[in-house]
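For reference, the structure is listed below as structure tokens.
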Amino acid sequence: QPTVCLAGTFASLAGQSACHPCPAGYYCAEGTVSFSASFCRAGSYCPEGVALEQPCPAGTFNPFDLAGDAASCLDCTPGQYCAGAGLSAPSGWCDAGYYCGSGSASATPTDQPLLCSNNSSSS
């Protein structure tokens, strides 16, 4: 009796005796025949055998499609912030008076050393 391929796997040919893991950079819903249209978009990554795109966490971004692992999520650029998950580019510049180090998730980060004083510059 035929069995549907589970999420994270695919079977592209008739008569296959087993389902294959979806390759890295792609995701496969249950019953996938062809994974080529289900590629991971920028802002996410897909390790081998996943059913859904995995969003890059807050404080990171990924500008490229077809990412296969979490290392593809880059720390947000110093001076910028990456609010929320699944970003393909930084959200914007850090607010005046604040210093955003690498990986900032807020325009007004509280985890950075100090607010800029009147006698210093963040540039």
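The values are calculated or read from the model by the stated rules, or taken from the named source; none is laboratory data. None of the values given here were measured: they were computed from a predicted structure. For neighbour counting, all protein chains shown are included, and Cβ atoms are generated from backbone atoms with ideal geometry for every residue, glycine included. Please note that ligands, DNA and RNA were not included when accessible areas were found on the heavy atoms of the full protein model with its side chains. Shrake-Rupley method; radii C 1.70, N 1.55, O 1.52, S 1.80 Å.
Things to note:
- Residues in segment 22-50 that are over 20 Å from the mean Cα position of the chain (by Cα) and surrounded by fewer than 14 Cβ atoms within 10 Å (Cβ to Cβ): GLU30, GLY31, VAL33, SER34.
- Pairs, first closer than 21 Å to PRO55 by Cβ in segment 5-27, second aromatic (Phe, Trp, Tyr), C-beta under 6 Å, six or more apart: CYS22/PHE10; CYS22/PHE35; TYR26/PHE35; TYR26/PHE39
- Verdict on GLU53 being closer than 30 Å to PRO2 by Cα, acidic (Asp, Glu) and open to solvent by 70 Å² or more (accessible area, probe 1.4 Å): no
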